[in-house]
Amino acid sequence: MPGRMSDPSDSLVPFSPDVRDPVVYSLHHDLKAPISRLSISWSKGNCLRVSFFGKKSSNSSAEGSGNSNDQIGGKVVEVKLSSEDGEIDEAQKRRIAYGSVSPFALLQSRKNSMSLLSKMSMGSSTYHVEWWEHVMEYSKDINLLLGSPKPLPSPVIEDPKTVLKAMEKPTCLKAAWELMEIFYADKQSQAWLPESLVDWLADYDNLLSETGTTVYSKLVDLQKELVTLQAVEDNPKYWEGISSALAVGWLEIVVKLLRLHGSYQLDQLGNRETENGLVEAVAVLISKMPRIRTELAVGRLGECYKTKPDFVKAWEKWRGQITKLECSAFWVQCDHRQTREGLKNVLQIMLGNTNSLNTVTSHWIELYISHFLYVRPFTMGLESMYSLAQKCMQLKPTSSTHRLMGLLLGILGENTEVVLAECSRSFGPWMVAHAVELLTAGSKQAEILLHEERYNLGGISIEELHRLVYAQILSSHALTWQIAPIYLTSCTKQGMGLLEILLYKQPIQHNHLLLKIAGIHHWKHGKKGSGIFWLQQAQDEVRLNRIAQQLFDFVGKSISDESFKQWEGLIELLGSEARTVGGLEFLHKYRDFKKSLQQVQDGHITDAARQAVESLILLMKNPSTPQRFWLPLLHDSRTGPGIEAEKRGSLVKLLNWSEHPLLNISQTNLLLNKLQELSMAKLHPDFIEADLPPHALNSVRLALATNLGRAFLEE
Amino acid sequence: MAMVAEGVGTLQIHRISQPKYIDALRWLSPLSAFERFAVLALHDSDSDVSSIEIQALNRSNPSNLHLQSSWASPARISTLRVSQIPQKPLVAASTYMGSLHFLFTDPVDASLESELSLAEKSFHAGPISGIDLQGTGSECVSVGEDGRVNLVTIGDSKLNYRRVFDSHGLVSYTAAKWASPAEFATGGLGFSLQYWDQRKPGGAVSQFKGNWGRGNMSEIVHSIDIHPSRKHILLAGGSSGTVFAWDLRWQKQPVLLSGIVPGETVVSPSESEVWEVQFDCYMQSATIGNISSGQILPVMMCSEDGILAVIKQGEQPMEILAEPCAINSFDIDKQNPSDLLCSLEWESIVILSRQ
């Protein structure tokens, strides 16, 4: 991490000073002796590796205790740290991380090309898509990753009494993302913020049920009872459920519940006509509620008005109808007390009676939403929304703040830093790194704040800081480190430096050190082929030369028909080109030489012998053939080490070739010179004596001299 | 689900996330007409546990996977093979620990019936890098970095193996493939290929070494394939986007299908590691007749840079998928070659259907 981490005020990662009480976990290490050293390091993922070192047992000393033999010297324990956020498991988190790469990268590239374009055309925007539309596309893509509400498997025949569909529980992360989207990215919904919040609560009210009663939890209870109840209208819970659902604007549920009223049953219709008429009238009024928004999804109730004047007209008319119904004479004729009172309460809610709203809602945000719907549908601007929220919180105080509410209050309070802090504290680094895009699109001030280079952050911006933090987390896991560069390259100040560090840590193709390690590892473990391959990749001439010496001894000793097959592949791998093979390239020629020699012994004489000689000359001419191999090579061509006594003298055979000498004068001279050089070198103290019979040098010299004589005669 | 317009038709794509890393995957086509199965070799990075799972795919709704059976592996799986006989569905898996496992499954519902394992120290030293099941499912060839080539005979209740060859680590092998009941091929480092004949013991009968590598470029054969009708042609895919075919009848000149090679003009769909190659048997029967015996049949490959493509000799490669992450392996359904299965680096599988 760049910079320092000293006191909270200028710390890199914003963290809340209100640290919860530390939790103590005990680790079992089973070490009897006192621990002399403790080492803690990160293992993969969220694993901490704790190494315990016991006190060194002193076996040699006189005081040595009896049990020192069964004493373990130390122990390593891996501690898995689970994340605070229990609602999303690690695999799901990785899935989100993988999925957000493409939308993020696309948005960054659009940002770059857009800034390039604006620089070039200097503001003449003929072809210009609004930036927020790109951000919105990005937001929708990310939102999709966080899961879509899936209905739980339901029975094929739908129960008419099912008012609340069983849904898979959404995550707080998704709820938080949508909240950010509503306020910062979706510029179209800016005029209908209250209605957007109504929809948002409808989707996520069940998340608030964790901490207390909500309209949702009330309806869940009611749903359970509905199945057994005969006359629902007699039960006060039925009317409570209707009023509560109405208060938060779940009109479909309200209408569905109303239609379960007993007066709808065919056998009752006759004597409960007036009662039924009133229920139906209320149901119709509810389904015709004017809404100030562009559209409603299919199946949703209410009538949409896009402009304020149209809405005001409809709103006044609707309220007029409610008032008219309230004063109607039919109420007197309604005998069923619960129905009468229940419906009247419903009308009060529709008329925006604050007392009624207060009693039927549970959580402050439900009261808040009900105010938007029935009291102040024209609430505009975050300032007035914020003050209304505070009023509702005073009316319905909660003991603890839900993390979603913390985020919402930060947004309404128009404090970018608080929003970021809430995101970071409650939803983690992934959320912050990605939500910054929404925040910067939200307002000019936020953009300036997040893009400003800060001295206390080591010259980087808040935006870059959070990307760096997220990239760090990605690079700590084997499966996600490959994503980290995408985020690091979007960091202009420190990104490249960290990317270098990250790549340096990874086993990549051109990292010679790692290739060498791989090579040495394979060689040591007997995989000579792999060893040489990796050392070739690393272009490690020194080691390859050393290996060549070992191999030569090995090849020389064991070359026979059967073992030759084994060598075939390896020598093939070494290749014939003199590129990165080091001293090993001569092995390739040596192989050819051996092959020809073998054929001579097998009786394929003429061509093979010529080839053998050519290979020998090539080998002896080649500067890369080490001097210490000269004599073995020459001697080899005289007597192959693996060949039995009766086959000996094959070089003599080779050199005393019956038809004509195989070596011409210059070739013989070359070999004789080499022998001379070798005799001189023998006097040198560093000379390594080859493992050959003592007369080897002389017998080769003799054979060569004979050949020279024959060659003279020939020419 | 997404529909993608293609040159030849449409492509149905289903992406399914898995909570684990997929090391290998294969189709398993049983006798059942309604269902078919995918065999997945999985690795859980959190718990470091490896397993083989058989997932059932609904023919009408492929994105609906459900677990049929699962088997815990003692180590991470390096290669996965499935016998192609529907009456005898057999799954073979080799591990990085050097053990080889055979899972016998029910021909109808693909539930696991029994398991045979070979985990002797003398079998392989270190990871097994390649295995292949013979057509009849009675023999399996295994190769490793240790330079051993083993033949395993699969009995009903017993496994026997014999060493075909041991290079004592002088040569490391990375892939194996049967050509006929007696012949098989292997691939290894330095773009090398070997052709073996059980009737001629003592070593490979033919060897090939690709020598177009440049300096520090890595040259490893990752995968090989042989078309049943043309056993003399070895197909190999490996480092740096390289895909080549080696015709045993023209030993000196391999046919380069993809790759960055100085002096060669071949359009490469990828420049990174080619993890798997297979002959693509999905094509109109009319066109197959038009391909002369000297020409290489269409080839499918997947790569580290996220490309799944079909290469036809002398034509522009046809991209089927371009993913933001690596495509680590794929399999063509032998019974229904329009259907493909591939595994992505980002812990997910993709089911494709060409129409």
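The values are calculated or read from the model by the stated rules, or taken from the named source; none is laboratory data. None of the values given here were measured: they were computed from a predicted structure. Virtual Cβ from ideal backbone geometry, glycine too; neighbours counted across all protein chains shown.
Computed values, structure above
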item	result
Residue in segment A:487-499 that is at pLDDT 70 or above, under 24 Å from residue B:346 (Cβ atoms) and of a type in the set (Phe, Trp, Tyr) present	yes
Criterion violated by residue B:327 - all others in (1) surrounded by 23 or more Cβ atoms within 10 Å (Cβ to Cβ); (2) away from chain A (no Cβ under 14 Å) satisfied	(2)
Test for residue A:322: is it under 18 Å from residue A:344 (Cα atoms), in the same structural domain as residue A:345 (by the TED database) and either in a loop (DSSP other than H, G, I, E, B) or within 53 Å of the chain's Cα centre (by Cα) (or both)	no
Qualifying strands (runs of 3 or more DSSP E) (wholly inside segment B:152-194; at least 3 residues being at pLDDT 90 or above and within 14 Å of chain A (Cβ to nearest Cβ))	B:159-166, B:183-188
Those residues of segment B:175-206 which are within 22 Å of residue B:83 (Cβ to Cβ) and within 18 Å of the chain's Cα centre (by Cα), in sequence order	B:175, B:176, B:177, B:178, B:179, B:180, B:183, B:184, B:185, B:186, B:187
Any hit, segment B:213-220, residues being touching a helix residue (DSSP H, G or I) at 6+ places or on another chain (Cβ under 9 Å), charged (D, E, K, R), in contact (Cβ under 8 Å) with a residue 12 or more places away in the chain and at negative phi	yes
Unmet requirement for residue A:199, which otherwise passes all of (1) within 18 Å of residue A:338 (Cα to Cα); (2) acidic (Asp, Glu); (3) within 43 Å of the chain's Cα centre (by Cα)	(1)
Residues that are aliphatic (A, V, I, L, M) and either out of contact with any strand residue (DSSP E or B) (no Cβ under 7 Å at 6 or more places or on another chain) or within 14 Å of chain A (Cβ to nearest Cβ) (or both), drawn from segment B:330-351	B:344, B:349, B:350
Every residue from segment B:77-107 that is in a loop (DSSP other than H, G, I, E, B) and among the polar types (S, T, N, Q)	B:83, B:84, B:87, B:99
Set B:223, B:270: member being surrounded by 23 or more Cβ atoms within 10 Å (Cβ to Cβ), outside any loop (DSSP other than H, G, I, E, B) and away from chain A (no Cβ under 12 Å)	B:223
Among (1) more than 14 Å from chain B (Cβ to nearest Cβ); (2) in contact (Cβ under 8 Å) with a residue 12 or more places away in the chain; (3) closer than 26 Å to residue A:134 by Cα - the single one residue A:485 does not satisfy	(1)
The listed residue being part of a loop (DSSP other than H, G, I, E, B), within 21 Å of residue A:264 (Cα to Cα) and hydrophobic (A, V, I, L, M, F, W, C), out of A:343, A:301, A:285	A:301
One residue from A:374, A:368 being in a helix (DSSP H, G or I), within 41 Å of the chain's Cα centre (by Cα) and either buried (at least 17 other Cβ atoms within 10 Å of the Cβ) or at pLDDT 95 or above (or both)	A:368
Filter pass, residue B:110 being touching a residue at least 12 places away in the same chain (Cβ under 8 Å), in a strand (DSSP E or B), away from chain A (no Cβ under 14 Å) and closer than 22 Å to residue B:335 by Cβ	no
Residue within segment A:338-359 that is of a type in the set (Lys, Arg) and surrounded by fewer than 14 Cβ atoms within 10 Å (Cβ to Cβ) present	no
